[in-house]
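This report concerns only the one structure given below.
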Amino acid sequence: MEIPSKYNPATTEDKWYSHWMEQNYFHSEPDEREAYTIVIPPPNVTGVLHMGHMLNNTLQDVLIRRARMQGKNACWVPGTDHASIATEAKVVNLLKSKGINKGDISRDEFMEHAWEWKEKHGGIILEQLKKLGASCDWERTAFTMDDSLYESVIDTFIDLYDKGLIYRGVRMVNWDPSAKTAVSDEEVIHKELQSKLYYLRYQVEGEDDFITIATTRPETILGDTAVCVHPEDERFIKYHGKKVLVPLVNRCVPIITDSYVDREFGTGALKITPAHDLNDYEIGIKHKLPSIDIFNDDGSMSEAAELYIGKDRFAVREEIVEDLEKAGNLVKLEDYTNKVGFSERTDEVIEPKLSLQWFLKMNELAKPALDEVMNGNIQFHPAKFKNIYKHWMENVRDWCISRQLWWGQQIPVYYLPNQEMVVAKSPEEALQKAKDSFDLPDLQLSDIKQDEDVVDTWFSSWLWPISVFDGIRKPDNEEINYYYPTNDLITAPDIIFFWVARMIMAGHEYRKDIPFKNVYFTGIVRDKIGRKMSKTLGNSPDPIDLMGQFGADGVRVGMLVTAPAGNDLPFDPTLCEQGRNFSNKIWNALRLVKGWEVDDSIEQPESSALGVQWFEARLHQALNQLEDQFSKYRISDALMTTYKLIWDDFCSWYLEIIKPAYQAPIDALTLKQTLGFFEDLMKVLHPFMPFITEEVWHLLEDRKAGEDIIVAPWPEIQQANTKIISAFERVEKTVTAVRTIRKDKGIPNRDSIELHVKEGPDADCVFFPVAKRLCNISKIELVNQKPDSSISFIVGAQEMYIPLADTIDAEAEVAKLEEELKYTKGFLVGVSKKLSNERFVNNAPEAVVNKERQKQADAEARIKVIEQQLADWKK
């Protein structure tokens, strides 16, 4: 079989992904096997692949591929989110480019344009995920506006309304003037800005006296309905019960007292604008103040503002300051740092605004969802996110679930001519319900009007693990009973409240069960100087370009190699180069092994037999490490364990031990065992690097149809022989030391040498034949003392000698030993310090403590040997 000299990712990736799809390996149906289920965090239908998606979906694919190889019925459900705000913005802009204004067309016409846009541009990201190797069950691809998912949302709204958990009311909401919709608290990003603090004086009614307030938003004085001071602030006692005139509009408003006021902020006097500040709103309710909404939905000044009508709020800020100065109301300006809320979707400054909206009561839903995490039924990885989750759940506020948009699930509420309303699944059902409930036999469909708003996008995605298996509409169907609860959720910590918490609530409410057993929180992908990767900064590479340059496997390794759970990932494209180099290393090892000729008549050499014995033990040790790392969701560590097993142990040591001499054949037994090891290595690497492993798998042996690595069984895990591993470690150190001496003394590898080992309890080693083979040692013998004209070295506490014909530089040897003694003493101090720490000894695992104690004993023995050697040299 002719194997190309270089590995070609491009042809390999397309070939094997197509093959896996043709074989239907990704598809799952309920059967007698144990289910392993992941639902993809649905990316926005407007989205394209970015580095965060790459990390998240690589992790999911690693877990799903491993589960498939473990014999589980692996089901990874893909899909996209309809993303109300982002998609509607795209469609509105598209219509504008065609000269169409959203306000000039009907809702149905707009929805036609939106669906047309979705079919043309939506879902690009799912196709891109295929390039990454994502083994999703594409037949199950879901979309949050699909009929079944749409209906599930409507059913849920009606159910929660009927339970008294959904209500309608005027509340202070976060208003996005760009999208012209309310957004939830979790969709507001607070940014620290350098602002100004404006000191403004309000004239006391009927007096030549003024009270000065400080504000960062002078344009909102047009909506002021009071000035508030602390009841115990002596500076303002004389003003109690009086009134002031609001500058420019001369509105007469009361001076009220409330202990809410911070006497240290500004002047200690606070302007109260109930319609445009949450805290002012609460004070307004308490003191029965009127509210004046001075902003239109687009952030321009409304007629209620009386001045600057139709002008943008920020333009008015500049203008009103000039007018206040002219009127003598501006006292001074100060630089001020404050946090300002921005819409996560549009990056527009949020406007607190009183609005009639639909809300979901959260307290009743939050308590059981908090308990599920705190009692360990749902595990967070890393666990530090439990405290963040707990804080939010204990301080949860009602969720504003209505959005002033058209793209989304329309709220199933119908308004009647008599100002009443009914909640129903369809207009026809609403009509019948209205007739029955309000004794309106003559009511017609044309008389009722459905609420114009849609529900928040998250109100559909919180049902995702249930609705993708149709568990809302058909709560006892085969699929929901088989696949739910799902196993693992891989997501970013910034949506722990948007999505994770709410899915747990929905799971408890509609399945009386958790939606997943584990949540793995990824970190944020940052550039090498710590900035979050984004299109705006121009510091985010195109993932498709990266895969073209380094191969999908190379990029997967690059993403995972420094991606510990919950910690940010400092990404550098050179990490992908490391992944590509690893592919090349594996390919070269394949070409080496497959290039050997076999001679059935040759007996297996002793060194090869020992090499096989060691690598089998080392393989099982690594398999046990991997089992532990996967159980703790230490995926990056699992990759590094696999990487080192292949690069260091297999390629650098094992193949060197067993490879035949130049142009000589290999014995059949060693080759068979080596191919078996190679197969197992490709199996454990497959979840991380699916493409090259499938290619190598088929080049190692001729396979029958269906014998693909993607469905090959995971290697059987056995107890590792640690005595063999420890013994080999001694030989590794011996070989390394001998090679260093050869290099330092200029002894060619072709010239054989002798190795003398000082007698003692640990003098002999079963793996010495391996050292003879690797170091061209003619004989190894035990001696009582150091031979003349020999150079010594130490492995652990064992002295060894290499006789040399030339005179040895005694001064150089003494200097080298003194340096080694200094290092070993420093090492001993560090280990002893750790062992003297009671906290470490009492809390660390026993195996870890024992390892440190062994290090301490070895260092003490080594110091004695070095000191004796120094004494001998100085005689």
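The values are calculated or read from the model by the stated rules, or taken from the named source; none is laboratory data. The model shown is predicted, which means the values in this text are computed figures rather than measured ones. A quick note on method: Cβ atoms are made from the backbone with ideal geometry, for glycine too, and the neighbour counts reach across all protein chains shown. Please note that ligands, DNA and RNA were not included when accessible areas were found on the heavy atoms of the full protein model with its side chains. Shrake-Rupley method; radii C 1.70, N 1.55, O 1.52, S 1.80 Å.
Assorted remarks:
- Taking every DSSP beta bridge that has both ends in segment 463-581, the antiparallel portion is near 10%.
- Computed from the C-beta positions of Ile105 and Lys339 and an R0 of 45 Å, the FRET efficiency is 0.70 to the nearest 0.05.
- Charge context of Asp297, other residues only, Cβ under 11 angstrom, K/R +1, D/E -1: -2
- Other residues whose C-beta falls under 9 angstrom from the C-beta of Trp175 contribute a net charge of -1, scoring Lys and Arg +1 and Asp and Glu -1.
- Amide H contacts of Gln379 (H built 1.01 Å from N, in plane; Pro and chain starts excluded): Asn518, Val519 sit under 5 Å, all sequence-distant by 5 or more or on other chains.
- Potential extension, Glu867-Asp439 segment - 0.36 nm per residue separation minus Cα distance: 143.6 nm
- In segment 245-288, chymotrypsin sites (Phe, Trp or Tyr not before Pro) in a DSSP loop with at most 15 other beta-carbon atoms within 10 Å: Tyr260, Phe265
- Helix axis angle, 84-97 relative to the chain longest principal axis, alpha carbon, degrees: 70
- Length gained when the stretch Ser148-Asn581 is fully extended (0.36 nm per residue, less Cα-Cα span): 151.2 nm
- Secondary structure note: in the chain, about 70% of the DSSP beta bridges are antiparallel.
- Summed over qualifying helices (DSSP H, 4 residues or more, each -39500 (n - 2.57)) and divided by its residue number, the chain shows a 222 nm mean residue ellipticity of -13500 deg cm²/dmol.
- Karplus-derived 3J(HN,Hα), 6.51/-1.76/1.60, for each residue of segment 515-530, Hz, glycine and proline x: x, 7, 9, 9, 10, 9, 8, 7, x, 8, 7, 10, 7, 6, 9, x
- Relative to the globular-protein estimate of 2.2 N^0.38 Å, the Cα radius of gyration of segment 562-665 stands at 1.34.
- The long axis of helix 51-69 is offset from the longest Cα principal axis of the chain by roughly 60 degrees.
- Proximal charge balance of Asp185 [Cβ under 12 Å; K/R count +1, D/E count -1]: -3
- Taking amide H as placed 1.01 Å from N in the peptide plane, the amide H of Ala226 sits under 5 Å from that of Ile272, each at least 5 places away or on another chain.
- Heavy-atom accessible surface of segment 212-251, averaged per residue, reaches 37 Å², computed with a 1.4 Å probe.
- Between segment 655-708 and segment 334-359, the alpha-carbon center distance in angstrom: 60
- Cα-based equivalent ellipsoid of segment 1-88: semi-axis lengths in Å, sorted from largest, via gyration tensor: 28, 22, 12
- Computed over protein heavy atoms with a 1.4 Å probe, the carbon and sulfur contribution to the accessible area of the chain reaches 47%.
- Degrees, to the nearest 10: 313-326 long Cα axis against longest axis of the chain: 60
- For segment 1-119, accessible area per residue (1.4 Å probe, heavy atoms of protein chains only), Å²: 43
- Taking all Cα-Cα distances within the chain, those exceeding 51 Å account for 38%.
- For segment 758-811: span of alpha carbons on each principal axis (Å, largest first): 34, 25, 17
- Under Karplus coefficients 6.51, -1.76 and 1.60, residue-wise ³J(HN,Hα) of segment 397-403 in Hz, glycine/proline x: 10, 4, 8, 6, 9, 9, 9
- Whole-Å distance, taken between Cα centres, linking segment 476-493 and segment 137-179: 20
- Order by protection proxy (mean Cβ within 10 Å, highest first), peptides 170-178, 429-437: 170-178, 429-437
- Derived scalar couplings between HN and Hα for segment 286-297 equal 4, 9, 6, 8, x, 10, 10, 7, 8, 10, 6, 4 Hz in order, rounded to whole Hz, by the Karplus curve 6.51 cos²θ - 1.76 cosθ + 1.60 (θ = phi - 60°), x for Gly and Pro.
- Summarising the amide proton neighbourhood of Glu799: residues at separation of 5 or more, or on other chains, whose placed amide H is nearer than 5 Å comprise Lys758.
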